[in-house]
Amino acid sequence: MNAGEICNREVVIAYKDMSLNEAARLMREHHVGSLVVVVDRASERVPVGILTDRDIVVAVVAKEMN
């Protein structure tokens, strides 16, 4: 078995200015643990990073932030 056989092929995106609450909601709705973060440049979406559920836990939830 290889990674391609079990990976999720649906790529869910978040925009750089999206709130973490919105991003977490997207993860829940699409049953994914990460989002590709994009910006719009010259009429195309350009990936600028990735946001994971772990990022949210470590950066926000564990610090008891809103």
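The values are calculated or read from the model by the stated rules, or taken from the named source; none is laboratory data. Note that the coordinates shown come from a computational prediction; the quantities given were computed from them, not determined experimentally. Just the protein is used for accessible areas: all its heavy atoms, side chains included, with ligands, DNA and RNA removed. Shrake-Rupley method; radii C 1.70, N 1.55, O 1.52, S 1.80 Å.
Amide H of Val12: which non-local residues (sequence gap of 5 or more, or other chain) have their own amide H closer than 5 Å, using H built in the peptide plane?
Val36
Using θ = phi - 60° and the Karplus curve 6.51 cos²θ - 1.76 cosθ + 1.60, what whole-Hz ³J(HN,Hα) does each residue of the stretch 22-39 get, with Gly and Pro shown as x?
5, 5, 4, 5, 4, 4, 5, 4, 9, 6, 10, x, 8, 10, 7, 8, 10, 10
I need the phi-derived Karplus couplings for the stretch 50-58: 6.51 cos²θ - 1.76 cosθ + 1.60, θ = phi - 60°, integer Hz, Gly and Pro marked x.
Coupling constants for the stretch 50-58: 9, 10, 10, 4, 5, 4, 5, 4, 5 Hz.
Scan around Val39 for amide H atoms under 5 Å from its own, H built in the peptide plane at 1.01 Å from N, and keep only partners 5 or more places away or cross-chain.
Distant-sequence amide H within range of Val39: Val46, Val48.
Which percent, to the nearest 5, of DSSP beta bridges fully inside the chain are antiparallel?
Values: 8 of 11 bridges.
Looking only at bridges with both residues in the chain, the antiparallel portion is about 75 percent.
Quick one: accessible area per residue over the chain, 1.4 Å probe, rounded to a whole number of Å²? Mind showing how you got there, number by number?
Details: 5320 Å² over 66 residues.
Using a 1.4 Å probe on heavy atoms only, each residue of the chain averages 81 Å².
Carbon-plus-sulfur fraction of the accessible area of the chain, 1.4 Å probe, in percent? Before the final figure, lay out the partial values.
On the way: 2800 of 5320 Å².
Within the chain, the accessible surface is 53 percent carbon and sulfur.
Please list, in order along the stretch 4-14, the HN-Hα scalar couplings obtained from phi with the Karplus expression 6.51 cos²θ - 1.76 cosθ + 1.60 (θ = phi - 60°), rounded to whole Hz, x for Gly and Pro.
x, 6, 10, 6, 8, 8, 7, 9, 9, 10, 10
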